[in-house]
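I have placed the structure first, in the form of structure tokens, so that the comments after it can refer back to it.
The values are calculated or read from the model by the stated rules, or taken from the named source; none is laboratory data. The model shown is predicted, which means the values in this text are computed figures rather than measured ones. Reconstructed Cβ throughout: ideal geometry from the backbone, glycine too, with neighbour counts over all protein chains shown.
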Amino acid sequence: MKLKKWQVVGFYLINILLVLAFVAPIVWTLMTSLKPTDQILTYPPELLPREITFEHYRTLLTVNGGEFMRYAVNSLIVTSGTILVVMAVSSLAGYAFAYLRFPGINIFFISILATMMVPFQSLLIPLYGFMHRMGLLNSYFGLILIYSTFQLPFCVFMMRNTFSALPASLRESALLDGCTEAQVFTKIYLPLSLPGFATVLVYSFMTSWNELLMALTFNSSAKVQTIQVGLTNYYLSRYRTNWEMITSGSIITMIPVLIVFFILQRYYVRGLTSGAVK
């Protein structure tokens, strides 16, 4: 069906407005991080810096003996551990829900999806008590466990859709040829499910790297604080908000997410749509 001219114009206009809405805060943050300190709080505000300076980035990376980099390493450890746990568990569970049959499998799967409707904020107090009794506060493993728990329902759903979109005849033929279920999973279906893995990896990375509330609640020790908590605590003072450091830190923390997304963008989109058409 051929679109009318006004429909085409409206389509592009809406998309341009959406792009501006998403890009404008990023551009403003970047420009603020490049302004001299005396220009940041001027009124009326100015978008472009009168003089471009990278002094804020240098200060951010060197202050307190490179404390910001320690926060980045903490985030990298927690994020990497969460990705490994989520990808391993979600792939196994997704394959089981897609091809294995046992009593109550549908109820079990619906129960997992139902947990996505529970806001994690409502569970912070009981979770804090549980983590305290288990001795998991202020530890990498405790935060990895919490992140993995809340990310797994969506990731299991994604991996189930990914495996369900693959031909079931491959499994049947392999089993008839003498392969075990584990061999079918590792040698046949895992190589074919890369789009699903890319989706899970990007989702888990973005969620873990950018998360603030749970990291702030369960990791109060400066030695294990993640980059978002460290940036928020260190550069928000009682009398003045250090906008130059916050904007510089925000741009730096944004770079790894953009790199991962652009590398896996093609697979990410394919993974999101897997299972939509059978």
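Considering LEU170, LEU190, the condition of being at pLDDT below 90 and farther than 19 Å from TYR267 by Cα is satisfied by LEU170 alone.
When segment 130-179 is filtered for residues that are at positive phi and surrounded by 13 or more Cβ atoms within 10 Å (Cβ to Cβ), only ASN138 remains. Looking only at segment 61-71, decide whether some residue is in a helix (DSSP H, G or I), modelled with pLDDT under 95 and of a type in the set (Lys, Arg). Checked segment 61-71: at least one residue is in a helix (DSSP H, G or I), modelled with pLDDT under 95 and of a type in the set (Lys, Arg). Residue count for segment 11-56 satisfying the condition of being within 19 Å of SER250 (Cα to Cα) and either β-branched (Val, Ile, Thr) or part of a loop (DSSP other than H, G, I, E, B) (or both): 17. Taking segment 158-239 and the helices (runs of 4 or more DSSP H) fully enclosed by it, the elements with 1 or more residues that are more than 24 Å from the chain's Cα centre (by Cα) and under 22 Å from MET87 (Cα atoms) are at 168-176. Residues that are without any contact (Cβ under 8 Å) to a residue 24 or more places away in the chain and among the β-branched types (Val, Ile, Thr) were ranked within segment 114-128; the one that is farthest from CYS155 (Cα to Cα) is ILE125.
In segment 43-71, which residues are exposed (fewer than 11 other Cβ atoms within 10 Å of the Cβ) and among the polar types (S, T, N, Q)? Selection gives ASN64 alone.
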